[in-house]
Amino acid sequence: MQLIAQSEPVVTIAVGLIVVAGIVSVGAATIAWKHRKTPGAPGLIVLAAASGLWSMGYIAELIVADLGLKLVLASIQWIGVLTAPIAWFVFAFAYTGHDRYTTPGMTILISFIPMVALVAVWTNPAHHFMWSAVDVVPAVKGIISIHQHEWGPLYWVALGYSYLLWLSGAIVLFRTAFNMPTMYRMQAITLILGTLMPVLANVATTFLELYGSSIDMTPAGFTFAGLAYAVALRRYDLLGARPIPKWFACERVVESMVDAVIVTDTKWRVIALNESAVAILGRSADELEGRTVSDVIEDITPGQPVGDQVTIRLGGGQRDFELRTSEFTDHHNRAIGNALVFRDVTDRRLNHQQLEVMNRVLRHNLRTEANLLEGYATLVLENIESGSLESARSHAETVQNHAATLVNIGKKARKLGTTRRDDDTGDVQLLPVSVQIRAAADTIRTDFPESNIRLASLPENDYVCAPMLEPIVAELLENGVEHNDSTTPVVTVTATVNSDTLKLRIEDEGPGINMSELAAIQSHGETPLRHGSGLGLWLVKWGVDQLGGTVEFNQRKPTGSEVVLRIPVSRKSSTVNKTDTE
């Protein structure tokens, strides 16, 4: 029988500390339970419970004299022994924001070796992987006796793995501590110091066992760990406020940004991008990473950085983005990559365009029409006073025409306001494309009975899009009829759908669209030297932008114009069609 490595007073003090450790562990678990919904709290609760089980189980093992009963108590105690390092790992990683390492799947994976060890403890007589022999050594006047083990190979594997878990949690807390404000730094330091005590006590016990039987001082170390946890909970608001490491905050800020962010290496290959960039580009991150920026965005050429503020087009010309680029450098000021930030400025551009157009309407069109109305009204009065009724009638008809022009401008200005309000609602009922086209044609036939609106082809009724299509088509049909001097203006509509894209061609036989109108629209804005004469084509342009499509204006030979719209559409399911039919 080997002698015990510690003196009797040391053993007595250790036993007293172990009793205190059990009580402190219960208190720490109770306090942590009140914050159980806080990230990291479950790990701390399990850690406190495991250390309490380890401490209380060991006290019972020391007091009981019967070897068989000692082994039963030890097998129960091993649950706490093997659970404590796992709980510490989960707590530390969850507390510092490394949640991806604390998912149920990862926790099961981390627990694999301890679970194997626990099963081996309970079945040790069959294989002796945990210990090959065990004996009882009296310690304090026969009241306390200690197990003396000849440890097997699996014990050393489990012990080394436990040290690895304790060390991993301490390292991640240590690294986080220097990246946080003072309060959180003190939390982390207190936790690390407290946790080191039972680990150091276990290391000391392992070395002492080389010279004889030794009381396990690890549970005594939990006294100091429990006190450290209590200080962190009470004084430093542990679990009351979760620390946010700078790397975690920066990662979350970038991920949650509305702006799209793309990070490239020095050769302009995509290495990372946030969720907004994935949504804008319409492809998964796995598809985009590793590709050069020019493969993803045609407007950017590798090696030729874009300026600070450039508006480019993404997604087939649907949205406009302001691009800002910045270069990453290392501590030696050497370039290591680039960051590209895309800010959606579509609404800002549209608002600017509308202000320009409405300013021109108020400043030019309305003023011109008002001046003409005033002039011809004066002539009407003069004609009536001079008795020239025929001239008065002719001038009155002119007044009527200009008044109608003003009314038409007012209607289109109202349509503009409606278009913007509809765009902001976000809740739009999709309508069949063919129904909207027919409705627009019927409106123009009613307003212009002399017109000949030909619907050459229409898609099936199951293709749908937002109701903005109808006023767009009506505006183009009205433009084709109104500016045609023939007695029966003819406008032809051809609509086909291919790959969920509506191609709508509207052709007329009039004089064609004024080049100044097209110049203003194609340049995305008006200037004092380049502006349109009305609102019609702008309504078409803004409406098509709202539908996520494109518009193309062409001149026909020998005369006339052709407008081609390409608009994304969706197809109703057969269930919806059946319900609509019934």
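The values are calculated or read from the model by the stated rules, or taken from the named source; none is laboratory data. This one's a predicted model, so the numbers in the text were calculated from it and none came from an experiment. When we count neighbours, we look across all protein chains shown, and the Cβ atoms used for this are built from the backbone with ideal geometry, even at glycine. For accessibility, only protein heavy atoms count, side chains too; no ligands or nucleic acids. Shrake-Rupley method; radii C 1.70, N 1.55, O 1.52, S 1.80 Å.
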Verdict on P104 being open to solvent by 60 Å² or more (accessible area, probe 1.4 Å) and closer than 16 Å to L233 by Cβ: no
Residue satisfying all of: in region 355-405; surrounded by fewer than 17 Cβ atoms within 10 Å (Cβ to Cβ) and basic (K, R); modelled with the highest pLDDT among these: R393
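Looking at this structure, is V199 in contact with a helix residue (DSSP H, G or I) (Cβ under 9 Å, 6 or more places away or on another chain) and more than 26 Å from T96 (Cα to Cα)?
Numbers: in contact with a helix residue (DSSP H, G or I) (Cβ under 9 Å, 6 or more places away or on another chain): yes; more than 26 Å from T96 (Cα to Cα): no.
Against the criterion (in contact with a helix residue (DSSP H, G or I) (Cβ under 9 Å, 6 or more places away or on another chain) and more than 26 Å from T96 (Cα to Cα)), V199 does not qualify.
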Residues (open to solvent by less than 40 Å² (accessible area, probe 1.4 Å) and either assigned to a helix (DSSP H, G or I) or touching a helix residue (DSSP H, G or I) at 6+ places or on another chain (Cβ under 7 Å) (or both)) located in region 147-159: H147, L154, Y155, A158, L159
Going by the conditions given, is A50 aliphatic (A, V, I, L, M), in a helix (DSSP H, G or I) and at pLDDT 85 or above? yes
Could you say whether any residue in region 188-195 is modelled with pLDDT of 80 or more, among the hydrophobic types (A, V, I, L, M, F, W, C), part of a helix (DSSP H, G or I) and farther than 27 Å from V19 by Cα? no
Log entry, pairs with first residue in region 49-61 being free of Cβ contacts under 8 Å to residues at least 24 places away in the same chain, second being assigned to a helix (DSSP H, G or I) and open to solvent by less than 10 Å² (accessible area, probe 1.4 Å), beta carbons closer than 7 Å, six or more apart or on different chains, reads G57/G80
Out of everything in region 284-309 that is at pLDDT 80 or above and outside any helix (DSSP H, G or I), what residue ends up being surrounded by the most Cβ atoms within 10 Å (Cβ to Cβ)? T292
Please tell me if L504 is open to solvent by 30 Å² or more (accessible area, probe 1.4 Å) and either acidic (D, E) or at pLDDT 90 or above (or both). no
Which condition breaks for G560 when tested against (1) on the phi < 0 side of the Ramachandran plot; (2) open to solvent by less than 60 Å² (accessible area, probe 1.4 Å)? (1)
